[in-house]
Structure formats: structure tokens, C-alpha cells
Amino acid sequence: MGWLSKAKAIANAIKKHGPKAWDAIKKGAGSVYKSAKAAWDKGFWSFVWWLVEHTSTLGLIYDALQRAGLL
């Protein structure tokens, strides 16, 4: 799966599951939780831009959401 597909899946999971998704990210990808959440709180497009700037962390976030059964 490419980074763009992962980014879309992450954004969709957060939109669909809200706090459950953020809890999974905090638990499984805690090192990026604060900056990702801050970008999300600024708005969807800020979060999309954050994902583009942090493509190296997509796998970490994606795996955390997948382990939680949210993807």
C-alpha cells in the first residue's frame, strides 16, 4: 500500500472512530501523537499537510490503528 492510500485510511479512521482512533494512536504511536493531534485540531487540511510532511510515520500510525481493529 502506498503512502497516499495509508494517509487516506488514517484520516478516514479518525473521522469515523474519533476518540477511539486517537487512543489507539496514543497507545501504538505515542511518539507522534501530540503533533498529529495538534494538526488534526487545526482542521482536516492541516492534518493532511502534517501527514505529507511526516510520511515516515505513516506506517507507525497505520499499524497502531490496524492493531486496534479500526481500519
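The values are calculated or read from the model by the stated rules, or taken from the named source; none is laboratory data. Note that this is a predicted model, so its numbers are computed, not measured. Positions of Cβ are backbone-derived with ideal geometry, glycine not excepted, and every protein chain shown enters the neighbour counts. The protein model used for the area step is the full one, side chains on, heavy atoms only, and it has no ligands, DNA or RNA in it. Shrake-Rupley method; radii C 1.70, N 1.55, O 1.52, S 1.80 Å.
Name the residues in region 1-27 that are closer than 17 Å to G59 by Cβ and more than 11 Å from the chain's Cα centre (by Cα), would you?
Correct list: M1, G2, W3, L4, S5, K27.
Select from region 1-15 the residues that are of a type in the set (K, R) and open to solvent by 100 Å² or more (accessible area, probe 1.4 Å) and write down the one among them that is modelled with the highest pLDDT.
Among them, the one singled out is K15.
Pick from region 23-40 the residues that are in contact with a helix residue (DSSP H, G or I) (Cβ under 6 Å, 6 or more places away or on another chain) and either open to solvent by less than 20 Å² (accessible area, probe 1.4 Å) or not charged (D, E, K, R) (or both): which of them is farthest from Q66 (Cα to Cα)?
Of everything passing the filter in region 23-40, A39 is farthest from Q66 (Cα to Cα).
Of G59, G18, G43, G69, which residue is at positive phi and either open to solvent by 50 Å² or more (accessible area, probe 1.4 Å) or in contact (Cβ under 8 Å) with a residue 24 or more places away in the chain (or both)?
None of the others qualify; the one that does is G69.
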